[in-house]
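Nothing in this text is a laboratory measurement; each read-out follows from the coordinates by a stated rule. Since we're looking at a predicted model, the values are computed, not measured. Note that each Cβ is placed from the backbone with ideal geometry, even for glycine, and that neighbours are counted across all protein chains shown.
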Amino acid sequence: MFGSIGFPELVLVFVVVLLVFGPKKLPEFAKLLGKVVREFRSTVDQAKSAIQDEVYKEGMADHMKDISRDVREALNITGDIGRQVQDVLDVGGAIRREVKDALDIYGDAEQKSAGGAEKKNEDEKD
């Protein structure tokens with residue numbers, strides 16, 4: 001019932017209490033003992049609840065860290081996707097620049113040949 005305390009030990013404790021407090025004080029002592037036990041249990045329950053709350057908060061903190069990590073990873077993924085889209089758009093711009101450069105090269109060649117023809121005409125006039 002009380003761990004290693006058996007029935008003979010309980011009878012001995014009861015007899016000692018009866019001798020120390022007497023039969024008139026025994027009900028008051030029992031009331032006082034009951035209040036002390038209730039207060040002790042209440043305190044233990046409060047401490048247990050506080051510990052469970054802290055454990056729960058710690059668990060929630062771990063979950064929040066996990067969620068925060070997942071959000072950062074998701075933002076990194078969207079950033080990577082944005083960079084890839086930017087690269088794809090830049091490919092179109094790069095193609096336009098290459099075409100423009102190619103046209104400029106041919107345009108410069110035509111201008112040089114046209115400029116060279118004008119020089120020939122001027123040289124022929126002299």
Pairs of lysine residues in the stretch 29-100 - Cα separation under 26 Å, sequence separation of 8 or more or cross-chain: 5
Cβ-Cβ FRET estimate between THR43 and LEU75, R0 fixed at 41 Å, reported to 0.05: 0.30
Projected label distance in nm at VAL36 and MET60, using a 7 Å step from Cα toward the beta-carbon: 3.8
Residue exposure sequence - LYS31, LYS25 - by fewest surrounding Cβ within 10 Å: LYS31, LYS25
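What FRET efficiency would be calculated for the residue pair ALA50, LYS24, taking the C-beta separation as r and a Förster radius of 25 Å, to the nearest 0.05? The partial results should precede the final answer.
On the way: r = 41 Å, r/R0 = 1.64.
Computed FRET efficiency for ALA50 and LYS24: 0.05.
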